[in-house]
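Have a look at the structure below before the remarks.
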Amino acid sequence: MKMNRREFVKSSIAVSAAVVLGSRILGLQISEALAAAQTLNITITDALKNMVTDNPGNPAKCYFWVYKMTADGVNIPAEVPGPNIFITKGDTVDINITNELDEPHAFAIPGIFDSKDIPGAENGILPGATVSGTIDTTLASSGAHLYYDNLNEPVNRVMGLHGAFIVMPKDPS
């Protein structure tokens, strides 16, 4: 299937709207108590991703670094850019970050969270290490924020370690 930029944007908006609206339908949503405290497990690893080409039969692949995630036990496919993370303003998320690559890496949301603030990870998350922290969105502004690896900028971000962190307003107007 071939998709141009406009079709991609329209499809992305439709999927995002379906996720947001679907979470508001009674019977499909989790309770407010559970929604307010979630656990996000992030693994920094590598992957070969299929590339879109104009040459049928060409199995072109590209090497990326990816954030592989599970949220409350649900696996989220690793993509580039990384999966969108949705949270409601004021909620907190417990986060565990594991580095499976062979050099230090990080996870940061400017003004909201930085794994380098976790004791023992000041110079990045070491290979094979796991660090834990909490993302608190009480003071975060509603809207879209970038999450990314803020070590060795911009190389780590260009290699695929980035995505969208979306803070939804607590009481949408």
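Per-structure values
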read-out	value
Residue match in the stretch 6-14 (condition: at pLDDT 85 or above, open to solvent by less than 80 Å² (accessible area, probe 1.4 Å) and within 19 Å of the chain's Cα centre (by Cα))	no
Condition check for Thr134: assigned to a strand (DSSP E or B), within 15 Å of Thr92 (Cβ to Cβ), open to solvent by 30 Å² or more (accessible area, probe 1.4 Å) and in contact (Cβ under 8 Å) with a residue 40 or more places away in the chain	yes
Filter pass, Asn156 being among the polar types (S, T, N, Q) and either within 18 Å of Leu48 (Cα to Cα) or open to solvent by less than 20 Å² (accessible area, probe 1.4 Å) (or both)	yes
Residue in the stretch 112-119 that is modelled with pLDDT of 90 or more, outside any strand (DSSP E or B), aromatic (Phe, Trp, Tyr) and closer than 23 Å to Glu79 by Cβ present	no
Count - residues of the stretch 139-173 that are in contact (Cβ under 8 Å) with a residue 12 or more places away in the chain, more than 24 Å from Ile125 (Cβ to Cβ) and of a type outside the set (A, V, I, L, M)	5
Within the stretch 71-84, considering residues that are within 17 Å of Ser132 (Cα to Cα) and in contact (Cβ under 8 Å) with a residue 24 or more places away in the chain, the one surrounded by the most Cβ atoms within 10 Å (Cβ to Cβ)	Ala71
Matching residues, the stretch 90-111, being assigned to a loop (DSSP other than H, G, I, E, B), closer than 25 Å to Met168 by Cβ and not hydrophobic (A, V, I, L, M, F, W, C)	Gly90, Asp91, Pro110, Gly111
Top-ranked residue of the stretch 159-173 - restricted to ones that are part of a loop (DSSP other than H, G, I, E, B) and either among the acidic types (Asp, Glu) or open to solvent by 20 Å² or more (accessible area, probe 1.4 Å) (or both), ranked as nearest to Pro83 (Cα to Cα)	Met159
Residues (within 17 Å of Trp65 (Cα to Cα) and open to solvent by 70 Å² or more (accessible area, probe 1.4 Å)) located in the stretch 100-129	Glu100, Asp102, Leu126
Ala47 part of a loop (DSSP other than H, G, I, E, B), among the small types (Gly, Ala, Ser) and modelled with pLDDT of 75 or more	no
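Conditions tested, residue by residue: (1) within 17 Å of Leu161 (Cα to Cα); (2) touching a His at 6+ places or on another chain (Cβ under 7 Å); (3) open to solvent by 30 Å² or more (accessible area, probe 1.4 Å).
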site	(1), (2), (3)
Ile42	yes, no, no
Phe64	yes, no, yes
Met69	yes, no, no
Phe86	no, no, yes
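The values are calculated or read from the model by the stated rules, or taken from the named source; none is laboratory data. What you are looking at is a predicted structure, and each value in this text was computed from that prediction instead of being measured. Cβ atoms come from the backbone with ideal geometry, glycine included; neighbour counts cover every protein chain shown. Ligands, DNA and RNA are stripped out before the accessible areas are found, and what is left, the full protein with its side chains, is counted by its heavy atoms. Shrake-Rupley method; radii C 1.70, N 1.55, O 1.52, S 1.80 Å.
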